[in-house]
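What follows is a single structure, written as structure tokens, with notes after it.
The values are calculated or read from the model by the stated rules, or taken from the named source; none is laboratory data. Every value quoted in this text rests on a predicted model; they were computed, and no experiment measured them. Quick reminder, even Gly has a Cβ in these numbers, built from the backbone with ideal geometry, and neighbours come from all protein chains shown. Surface accessibility is based on the protein's heavy atoms, side chains included, excluding ligands, DNA and RNA. Shrake-Rupley method; radii C 1.70, N 1.55, O 1.52, S 1.80 Å.
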Amino acid sequence: MKYSKATNYALHTMVYLTLTPKGKSVGVEQLAKIQNLSPTYLSKILTKLVKAGLIESTPGVKGGYSIVSHSRKTSFLDVIHAIEGHTTLFHCSLEHDDLPNEDCLIEKVMFEAEKKMKHELNTKYIADIAKEIESTKNHKKNCNQSE
């Protein structure tokens, strides 16, 4: 299974914005530079995240993007759906006239696996990853100060 690069960039952007101090916006140029991307390409991703209500855009010279207040409950699946949509990953390409109800048994297996994956992604939160990064940074900082 493979998600698009846009999803990869969206997840990283969400974590970065979650780590940004509350009330501070980050410009698209800075976000693009951090991920070594074109600002135009990242803008398209950010637009999808804004439309999904995961981040907000502040216009103007000091504007940029920031996490919305309720985002502490934003799951990986929320971000994936914002970028990829709500489609399933597997679609049977054959007709099964010989099966009852014309159900594809392979599709059933794939659907069940996808359901489990979605459940797992829905229980992993962007804020938890950001917390873990902060904790690691603080630990390293404290270790370096004690040397």
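Stokes-Einstein diffusion for the chain, with the hydrodynamic radius set to the Kirkwood value over Cα pairs and evaluated at 25 °C in a medium of 0.890 mPa s, equals 140 µm²/s. Note: relative contact order over the chain, using C-alpha pairs below 8 Å and six or more positions apart, is 27 percent. Probing with 1.4 Å while keeping every protein chain in the model, the per residue accessible area of the chain equals 70 Å².
Ligands, DNA and RNA left out, the 1.4 Å accessible surface of the chain is 55% carbon and sulfur atoms.
In this rough spin-label picture, where each label sits 7 Å from Cα along the Cβ direction, the LYS24-CYS92 distance is 5.3 nm. Per-peptide packing, taken as the mean over residues of other Cβ atoms within 10 Å, places 51-58, 128-135 in the sequence 51-58, 128-135 from highest down.
Highest GNM mean-square fluctuation among THR74, THR18, THR136, for the chain modelled with Cα contacts below 10 Å: THR136.
Note on GLU112 and THR58: the extension gain reaches 15.4 nm, defined as 0.36 nm multiplied by sequence separation minus the Cα-Cα distance.
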